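The values are calculated or read from the model by the stated rules, or taken from the named source; none is laboratory data. These figures come from a predicted structure and were not determined experimentally. Backbone-built Cβ (ideal geometry, glycine too); neighbour counts: all protein chains shown. SASA here: full protein model, heavy atoms, side chains in, ligands and nucleic acids out. Shrake-Rupley method; radii C 1.70, N 1.55, O 1.52, S 1.80 Å.
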Amino acid sequence: MTRYITVAIHTFDRALALRSLLESEGIEVMLQNVNLTDPAVASGVRVRIHESDLPLALRIIENTDVFSSADAARCEETHSIIVPTDFSDYSLRAAAVAGRLAAAHGASLRLLHAYIDPYVAANMQLSDRLTYEIADSDTRERLETAAKTSMQQFSGQLSADLKNSGIAPVKYSTKIVEGVPEDAIVDYGKVNPPLLVVMGTRGAERKARELIGSVSAEVLDAGRFTVLTVPEPFRAENLGSPRRVLFFCNLDQTDMLALDTFARLLRPAAGIEVCAVNVDSRKRFAKAADKSSAESLLSYCREHYPGWIFDGSDIDVADAGEAVARLQSERAFDLIVVPNRRKSMFSRVFSPGLANKMLFQADLPMLVIPV
């Protein structure tokens, strides 16, 4: 039986344009309204293709200007890598990783820094007795000036580090905004959709102590763009060609899209070992069905990525941290790849996703892909 998978969701006009492009390359396309219960409501159109055509379709979409020239400026925006920075050493390491990726993709860097307006903070009364006080009226101006100076020093150091590492020159721009860092990053990413967001994080022990208010965790939960987190102990050159990857899977079509995103962004060399770990805890699936789905996924992966080595494993999602630690001690992974489903605000607070858990429990780079 032929399986259809969704490769994109667009407005009706754009779905027609994409279908025309794919069909001109010999790919059979089926359109389906997102709102099946009330098709009259314009909620978007799914562009669906045969599962076997997915790699070709993604290559066509990636390398073709599908829509009108009016979208050219926006397409250019998406070919950039956003690097949030607080000017720390681990931010600089993350920026170096982003610089290598930008050079490989011919992309530009956007260095982003956010600071909190002290006047606004001063008026956020936390209790009847506790308020912030502002020493003088020009504090805000001095903070902005200091941020610009630090950004200039940071970008200069980054340029020097990339040059000393033999990396081709990379175009970059800087942006300083006012606001809570995690909100500023998510809002900026919505307006300027990036190819990737690269964020530096502290070591696992320090992250655990600073669990509340982690900027990276908030961005993973609230943002709908691909994020690469780079932990403090990690060196930029070590991510150039990952050899062993831990890939969390949901045993559905989103795994294929996530795997293709990983392949396009990091371009691993032949011989890479990928351990696909099933952490789907949904009770309605029987173990036999899960086993069959896992075998189908591995078969698909081996067919479409013949130079890679795939194997599978199962872990209990409730015990994911300890299970990953055990696997890491046996396999010495270079990278974790996590397809990340959107969650409601309530779920994010009381039942954080796997990407959020791994952020605090693993000292490994993590590629988090929204699905």
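A few remarks follow.
- Selection of first residues in segment 4-30 that are under 25 Å from D252 (Cβ atoms) and of second residues that are among the acidic types (D, E) and buried (at least 18 other Cβ atoms within 10 Å of the Cβ), restricted to Cβ pairs under 7 Å at least 6 apart or on distinct chains, gives the following pairs, ordered by first then second residue: I27/D53.
- Residue check, R93 basic (K, R), at pLDDT 85 or above and closer than 22 Å to F225 by Cβ: yes
- Long-range neighbours under 6 Å by Cβ, at least six apart or interchain, first residue outside any helix (DSSP H, G or I) within segment 151-169, second open to solvent by less than 30 Å² (accessible area, probe 1.4 Å): I167/G99
- Helices (runs of 4 or more DSSP H) (entirely within segment 316-364) containing at least 1 residues that are under 19 Å from the mean Cα position of the chain (by Cα), buried (at least 16 other Cβ atoms within 10 Å of the Cβ) and modelled with pLDDT under 70: 345-350
- The residue of segment 45-59 that is modelled with the highest pLDDT, among those that are open to solvent by less than 20 Å² (accessible area, probe 1.4 Å) and over 24 Å from L298 (Cα atoms), is V47.
- S159 meets the conditions (1) within 18 Å of Y115 (Cβ to Cβ); (2) modelled with pLDDT of 90 or more in every case but one. The failed one is (1).
- Candidate set: segment 1-44, residues that are open to solvent by less than 80 Å² (accessible area, probe 1.4 Å), modelled with pLDDT of 75 or more and in a loop (DSSP other than H, G, I, E, B); chosen: the one farthest from V371 (Cα to Cα): G26
- Qualifying residue in segment 272-288 (condition: modelled with pLDDT of 90 or more and part of a loop (DSSP other than H, G, I, E, B)): yes
- Residues located in segment 290-315, provided they are assigned to a helix (DSSP H, G or I) and of a type in the set (S, T, Y): S292, S293, S296, S299, Y300
- Of all residues in segment 187-198 being within 16 Å of V368 (Cα to Cα) and open to solvent by 10 Å² or more (accessible area, probe 1.4 Å), the one that is modelled with the lowest pLDDT: P193
- I134 satisfies every condition listed in (1) at pLDDT below 85; (2) in a helix (DSSP H, G or I) except (2).
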